[in-house]
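Participant: The following block contains the structure, expressed as structure tokens.
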There are 2 protein chains.
Amino acid sequence: MRYDSKNPHYYNNDRFILSKGHAAPLLYAAWAETGLFPTEDLLKLRTLGSDLEGHPTPRLPFVDVATGSLGQGLGVGVGMALCARLDKLDYRTYVLMGDGEIAEGAVWEAASLAGVNELNNLIAIVDVNRLGQSQETAFGHHLNVYKRRFESFGWRTEEIDGHDLEEITEVLAAVGLGKQPLVILAKTLKGAGISFIQDKEGWHGKPLSKDEAARAIAELQPTAKSGIGHHIPAPTQLPAPKNEAPASYPPTAYKLGDMAATREAFGNALLRIGEVDQRIVAMDGDTKNSTYSEKFYKKFPERFTECFIAEQDMVGVATGFSTRGKVPFASTFACFFSRAYDQIRVAGISMANLKIVGSHVGVSIGEDGPSQMGLEDLAMMRAVAGSTVLYPSDAVAAEKLVEQMALNRGIHYLRTSRPKAAVIYNNDEQFPIGGAKVLRQAAGDKVTVVAAGVTLTEALKAADQLKNEGIGITVIDAYSVKPLAKDAIKAAAQATGNVVLTVEDHYTEGGLGDAVAGELSSEGIRVHKLAVTELPHSGKPEELLARYGIDAGAIVRKVKSLG
Amino acid sequence: MRYDSKNPHYYNNDRFILSKGHAAPLLYAAWAETGLFPTEDLLKLRTLGSDLEGHPTPRLPFVDVATGSLGQGLGVGVGMALCARLDKLDYRTYVLMGDGEIAEGAVWEAASLAGVNELNNLIAIVDVNRLGQSQETAFGHHLNVYKRRFESFGWRTEEIDGHDLEEITEVLAAVGLGKQPLVILAKTLKGAGISFIQDKEGWHGKPLSKDEAARAIAELQPTAKSGIGHHIPAPTQLPAPKNEAPASYPPTAYKLGDMAATREAFGNALLRIGEVDQRIVAMDGDTKNSTYSEKFYKKFPERFTECFIAEQDMVGVATGFSTRGKVPFASTFACFFSRAYDQIRVAGISMANLKIVGSHVGVSIGEDGPSQMGLEDLAMMRAVAGSTVLYPSDAVAAEKLVEQMALNRGIHYLRTSRPKAAVIYNNDEQFPIGGAKVLRQAAGDKVTVVAAGVTLTEALKAADQLKNEGIGITVIDAYSVKPLAKDAIKAAAQATGNVVLTVEDHYTEGGLGDAVAGELSSEGIRVHKLAVTELPHSGKPEELLARYGIDAGAIVRKVKSLG
């Protein structure tokens, strides 16, 4: 590997991902050897006072992404390798996997995309030590099984003795040849060199006793036959990629009352800000004509990755781009991000700068039925460490929130809707993260209704109907579900007798209603919820909003029923 | 296929899974042809009044599992095929997939397990029509790519012209040969037989205009060259599997004060009830020595499926078993079920009888760090349609809840913990779903503390400390997170000035606190929450409980701070 070990983040350093994160002590020891930190620090392993944690996280400067949930490293590596190509850099990306994790489908999603894209700057190494945590793997030391599989996925393969450093260095010297990604299948013995552990089951993750440790250390010998030492080749000098945010974005140009779906506004926004912000890249899972990421793809195909129907890999690729200074927007139907929830969870641990856009949320998609309805996405995305969850109700809000996503670091989720909705905001309206919009409010209002997306439209309809009957309601657009505009909602609620009604096109668990109740209940606010409380059926969108009790009629009835 | 078309659920019927669920109209038309329902009903497609929904669901008697989220059918098929072998039945399982969905890693997890288990009773058919939703697939009509991949995963392959019914029937007549699962790669043209659609992009999911429909119908001709007609072979007569619940389970035998982890109690329970309940099967993802499903595996290896590190497939396999009358318990670390969230979501739509057991929850696992901590599992599992979420605090509760999971239909999630905890319940204590236990309560209590798992232990410690200072608290064990024991918690809260404090080893979003606030806020109860509010670090369990503010000390401080 070619890198500046004093500057692990240098943009043209080769990258290394320890996908088998449980081997963290090896990684830490190797970096201590480079002189990045004192070897004494290794003794702080797994303590609260040290970032040498049980599994690697980017709290350490030489770790790009958290690992420890197996089978995720290769997808991230694909993203890095694609980014090197985009940035015209010659760094290579190395991913070390265990043989056990090769059972993860995510590995094969990534392998396929690497093959299709002929990523000869990507090198996977599989440590085939035969032993999983609880038993032998399905294929033991039969390297030929892995060889056939990777070859069928478009990879060049090399089989080596993983304990022979000369063979390892020889194979590594020949990386980058040809058009294919390379996988090195390394036959190894778990616990090699320790007679009472080597190639034996039952030692995974087990500490040695003091006596066993003494025996093991006495038995261990250096395995290097050649004089490899500490020479680390320097990275090539190439122009740095342009990864700065622009001073501003071009304005939006909607008219009040225009009909536009927020999913389409997302597509417009990505194209609009992508014109001036070179950091923006996008990826989709063969739904780009539904999520509208297609608009960006058509203009900037080189900055777009079609991940096909492989959402885990899509999130991995996006995370890989994010580690290289890009701002990746990954889009598909909201419900299909549940396929990549583990990747998103781990991106949270990686503190990745990842932008996720889920379309087709809730029963308002209509006839396609429950398998296509995102009804758990708010719960799922709220529970990601450090995440921001945004849910626009009109096209202006959607576009402005896409800007916020690009300008702020971290995992941001944008929830977009299938149906068209009227534009209700002016083009100069601002949508800061953590904000909310009070759309209707008058003295004597009975209830504060908090909604977003399609239910905001319904809440505004309900407000009109109730007004005709002499009942006033405050209506709040809670476009920022996390962080929630707690103070604004609280203030409005206090003016309506401390009563709030939340309405959402989402299951009742973990969504907007729980968010509001979870934050405001302790303040003495009574939070009533309208949400989807049963498995929905196919039907027309307006029929379904009524059937599941989240349309204007349901709001009117509920408001009237409240003390 | 051999089946009794008047009785789609007959136990030895061949099974068919339309994994490419968007082709639902074909499935419905085929079943109408068998005479199961009038062909006129087909015109009710995608309406609220008909169960012929946009994608198939088990609301229809001939559908075992919901499809529509691509790439899930094969995993379920593997479970069915394994179950046929267990039950000594000769039905075959057919799974029809699209070529687009072959990009899903879940397909390759399932393909690998099918190959390893030599499931020659499993037949996959891939409709290689070249066109995805938004563009051509990565491999177009290059069937040889799929052929090489499936062969490397241990499958026998056949390539056919998917429009030649004679070739199709010839290949199907030879299923069951050899030891390998069979995949039929069918080259097809999307929209075949309609000149202006056939093999063209841009028609996915698009309805035809009236004129276009007339032209299309005029162009379409029957493609059957042989007289296949309506003859449906009958299934073989074989003894029915024994899928009845036993009258009772043997009792547990813990002593108050015994130290046992709830994860170990789960293992004990599975073994104990598995002895008398033949419906119980189990599967794990190479963590059986950590989740303790190993206890069952050692006694009943034939009823256990090692799924290796492939959680999506594990949930698919479990769902497959559940459709055949078994009660499958799938276990791994709680956080790794996030890998299979889409499969679990769709199992909810399938109304599957699926039991999920997630261990190693929260910061209390300690040194392994955040990638191994289940901190979003309550949020995730609560938001599954029809799910039940259980969280035992001691070994007796864990065992009794496993019984409840086996005796009640539906998706049940059991959250188990890594650390040992004292047994606090007698062996005759009952734990009905939807219940809670009031463990400490006295007149004049200041606050009702609601906890579960490790935080219940902390709450009891806090109660003792506060008692010494003259402050009483009510302590409730909320072992049933969904459904929540709303009335019991409400009654307790009303006796403590309408103030509740929830404490949980889970992120603050979507967990126990949000559940309690979401249900009780509207009743005028003030719910305060203690939960993990930042990305945690490695460290000792007790250090982490303190650092993240969910230990006895944090509870004591919070109780004192409450007005």
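Participant: With respect to residue A:40, is the statement that it is at pLDDT 95 or above and surrounded by fewer than 24 Cβ atoms within 10 Å (Cβ to Cβ) true?
Facilitator: yes
Participant: Pairs needed: first member in the stretch A:1-21, without any contact (Cβ under 8 Å) to a residue 40 or more places away in the chain; second member anywhere, surrounded by fewer than 20 Cβ atoms within 10 Å (Cβ to Cβ) and in a loop (DSSP other than H, G, I, E, B); C-beta distance under 9 Å; at least 6 residues apart or different chains.
Facilitator: Partner pairs satisfying both residue conditions: A:6/A:35; A:6/A:36; A:7/A:61.
Participant: Collect the residues in the stretch B:424-473 that are hydroxyl-bearing (Ser, Thr, Tyr), open to solvent by less than 30 Å² (accessible area, probe 1.4 Å) and within 24 Å of residue B:366 (Cβ to Cβ), keeping them in residue-number order.
Facilitator: Selection gives B:455 alone.
Participant: Name every residue in the stretch B:501-529 that is under 29 Å from the mean Cα position of the chain (by Cα), more than 7 Å from every other protein chain (Cβ to nearest Cβ) and in contact (Cβ under 8 Å) with a residue 40 or more places away in the chain, in order of residue number.
Facilitator: Residues satisfying the conditions are B:502, B:503, B:504, B:505, B:506, B:511, B:512, B:515, B:516.
Participant: Out of everything in the stretch B:307-325 that is within 18 Å of residue A:312 (Cα to Cα) and within 11 Å of chain A (Cβ to nearest Cβ), what residue ends up being most open to solvent (accessible area, probe 1.4 Å)?
Facilitator: B:309
Participant: Looking at the stretch B:334-354, which of the residues that are of a type outside the set (Phe, Trp, Tyr) and free of Cβ contacts under 8 Å to residues at least 60 places away in the same chain is surrounded by the most Cβ atoms within 10 Å (Cβ to Cβ)?
Facilitator: The residue in question is B:339.
Participant: Restricting to the stretch A:53-62, and then to whatever is open to solvent by less than 10 Å² (accessible area, probe 1.4 Å) and free of Cβ contacts under 8 Å to residues at least 40 places away in the same chain, can you tell me which residue is nearest to residue A:345 (Cα to Cα)?
Facilitator: Going through the qualifying residues, I end up with A:56.
Participant: May I pose another question? Scan the stretch B:56-79 and tell me whether some residue there is of a type in the set (Lys, Arg) and touching a Leu at 6+ places or on another chain (Cβ under 8 Å).
Facilitator: No, because not a single residue in the stretch B:56-79 is of a type in the set (Lys, Arg) and touching a Leu at 6+ places or on another chain (Cβ under 8 Å).
Participant: Are any of the residues in the stretch A:374-382 closer than 17 Å to residue A:410 by Cα, crowded, with 24+ Cβ neighbours inside 10 Å, under 18 Å from the mean Cα position of the chain (by Cα) and more than 7 Å from chain B (Cβ to nearest Cβ)?
Facilitator: Scanning the stretch A:374-382 turns up at least one residue that is closer than 17 Å to residue A:410 by Cα, crowded, with 24+ Cβ neighbours inside 10 Å, under 18 Å from the mean Cα position of the chain (by Cα) and more than 7 Å from chain B (Cβ to nearest Cβ).
Participant: Moving on. Considering each residue of the stretch B:474-505, count those that are open to solvent by 10 Å² or more (accessible area, probe 1.4 Å) and in a strand (DSSP E or B), and give that number.
Facilitator: 2
To keep it simple, each residue is scored yes or no on (1) more than 14 Å from chain B (Cβ to nearest Cβ); (2) part of a loop (DSSP other than H, G, I, E, B); (3) open to solvent by 10 Å² or more (accessible area, probe 1.4 Å); (4) at negative phi.
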| position | (1), (2), (3), (4) |
| --- | --- |
| A:75 | no, no, no, yes |
| A:82 | yes, no, yes, yes |
| A:94 | yes, no, yes, yes |
| A:97 | no, no, no, yes |
| A:133 | no, yes, yes, yes |
| A:146 | no, no, no, yes |
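Participant: Give the stretch B:153-178 a look and list any residue that's at pLDDT 95 or above and either surrounded by fewer than 17 Cβ atoms within 10 Å (Cβ to Cβ) or on the phi > 0 side of the Ramachandran plot (or both), or say none.
Facilitator: Hits for the stretch B:153-178 are B:154, B:161.
Participant: What do you reckon, is residue A:90 open to solvent by 40 Å² or more (accessible area, probe 1.4 Å) and more than 8 Å from chain B (Cβ to nearest Cβ)?
Facilitator: Here the answer is yes, as residue A:90 does meet what is asked.
Participant: Follow-up question, since we're still on this one. When residues of the stretch A:424-442 are filtered for being of a type in the set (Val, Ile, Thr) and either without any contact (Cβ under 8 Å) to a residue 12 or more places away in the chain or farther than 26 Å from residue A:378 by Cβ (or both), how many remain?
Facilitator: The total comes to 0.
Here's the yes/no breakdown for (1) open to solvent by less than 20 Å² (accessible area, probe 1.4 Å); (2) more than 14 Å from chain A (Cβ to nearest Cβ):
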site: B:275; (1), (2): no, yes
site: B:287; (1), (2): yes, no
site: B:297; (1), (2): no, no
site: B:305; (1), (2): yes, no
site: B:327; (1), (2): yes, yes
site: B:332; (1), (2): yes, no
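Participant: Okay, next question. Working only within the stretch A:443-482, note down all residues that are farther than 15 Å from residue A:562 by Cβ, in contact (Cβ under 8 Å) with a residue 12 or more places away in the chain and among the acidic types (Asp, Glu).
Facilitator: A:458, A:477
The values are calculated or read from the model by the stated rules, or taken from the named source; none is laboratory data. Note that this is a predicted model, so its numbers are computed, not measured. No Cβ is skipped: glycine too gets one built from the backbone with ideal geometry, and neighbour counts run over all protein chains shown. Just the protein is used for accessible areas: all its heavy atoms, side chains included, with ligands, DNA and RNA removed. Shrake-Rupley method; radii C 1.70, N 1.55, O 1.52, S 1.80 Å.
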